[in-house]
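Following: one structure in structure tokens, then a few remarks.
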Amino acid sequence: MLRYRIIPVTPFAQNCCLLWDDATREAVLTDPGGDLERVLGIVAQEGVRLEAVWLTHAHIDHAGAAAEVARRMSVPIIGPHPGDQFWIDALPEQSKMFGFPRAETFTPDRWLHDGDQLRFGTLHFDVRHCPGHTPGHVVFHQAEARRCWVGDVLFAGSIGRTDFPGGNHQQLIDSITHKLWPMGDDTVFIPGHGPESTFGEERRSNPFVGGT
Ligand SMILES: [Zn+2]
Ligand SMILES: [Zn+2]
């Protein structure tokens with residue numbers, strides 16, 4: 001069965017998440033943006049075996065510590081989509097601009113594309129490409145548990161910013177309505193910042209995409 005624990009990291013309180021299969025104790029980390037000692041302490045505390053880092057997109061608060069986790073834990077970096085290459089290349093500048101510890105660039109061991117499948121333990125995830133916030137943003141959907149990790153595509157009561165280079169408002173709205181809504185109203189999503197919500201709740205009440 002899927003278990004997970006949200007670990008807010010960096011001054012942006014970004015929701016890094018530890019996911020694991022409680023049958024096999026295999027685990028992945030999504031979006032390890034920073035605060036690595038605390039994150040790896042929680043991995044040890046839960047007694048799970050880290051298999052990979054999965055990235056939704058390459059903004060500093062999501063990807064800033066990915067290279068270091070990969071090196072220290074000898075695990076691959078999976079994702080995001082190649083559209084975020086320029087954000088990965090800019091990680092050292094992003095860290096300087098926001099006063100973060102210097103972030104390393106990296107080359108993902110595997111780029112992701114719409115329709116790809118990921119697995120760890122007995123759990124399968126579907127990858128959807130959801131551009132708009134960044135060109136290479138992806139989300140991770142676990143259909144059986146009705147959970148989706150959406151990064152900065154959608155938040156409880158809000159949507160991702162589109163005023164960064166490569167951002168596109170209409171693309172973001174299309175990603176939400178064409179890729180996320182079909183996963184079902186009862187799907188709980190874990191956003192990159194803030195509390196969880198359901199797609200149904202956002203369809204009803206989100207001022208940016210409500211009524212779509
Ligand atoms: Zn972002
Ligand atoms: Zn973010």
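The values are calculated or read from the model by the stated rules, or taken from the named source; none is laboratory data. Only a predicted model underlies this, so the values are computations on that prediction, with no experimental measurement involved. We place every Cβ from the backbone using ideal geometry, glycine too, and count neighbours over all the protein chains shown. Side chains are part of the model used for accessible areas, which takes the heavy atoms of the whole protein and leaves out ligands, DNA and RNA. Shrake-Rupley method; radii C 1.70, N 1.55, O 1.52, S 1.80 Å.
Points worth noting:
- Region 79-96, residues that are in contact (Cβ under 8 Å) with a residue 24 or more places away in the chain and not in a loop (DSSP other than H, G, I, E, B): PRO82, GLY83, ASP84, GLN85, PHE86, TRP87, ILE88, LEU91, GLN94, SER95
- Taken together, the criteria exclude GLY41 from residues that are within 20 Å of HIS133 (Cα to Cα) and open to solvent by 10 Å² or more (accessible area, probe 1.4 Å).
- Tallying residues that are in contact (Cβ under 8 Å) with a residue 40 or more places away in the chain and either outside any strand (DSSP E or B) or basic (Lys, Arg) (or both) within region 26-59 yields 8.
- Members of region 12-24 found to be without any contact (Cβ under 8 Å) to a residue 60 or more places away in the chain and open to solvent by 40 Å² or more (accessible area, probe 1.4 Å), listed by number: ASP22
- Subset of region 172-212 [in contact (Cβ under 8 Å) with a residue 60 or more places away in the chain and either open to solvent by less than 40 Å² (accessible area, probe 1.4 Å) or β-branched (Val, Ile, Thr) (or both)]: ILE190, PRO191, GLY192
- Some residue of region 127-136 being crowded, with 22+ Cβ neighbours inside 10 Å, under 16 Å from the mean Cα position of the chain (by Cα) and small (Gly, Ala, Ser): yes
- Number of the exception - ALA103 against (1) within 15 Å of the chain's Cα centre (by Cα); (2) within 16 Å of ligand 1 (Cβ to nearest atom): (1)
- Which listed residue is under 16 Å from the mean Cα position of the chain (by Cα), more than 16 Å from ligand 2 (Cβ to nearest atom) and crowded, with 23+ Cβ neighbours inside 10 Å, from ALA65, ALA27: ALA27
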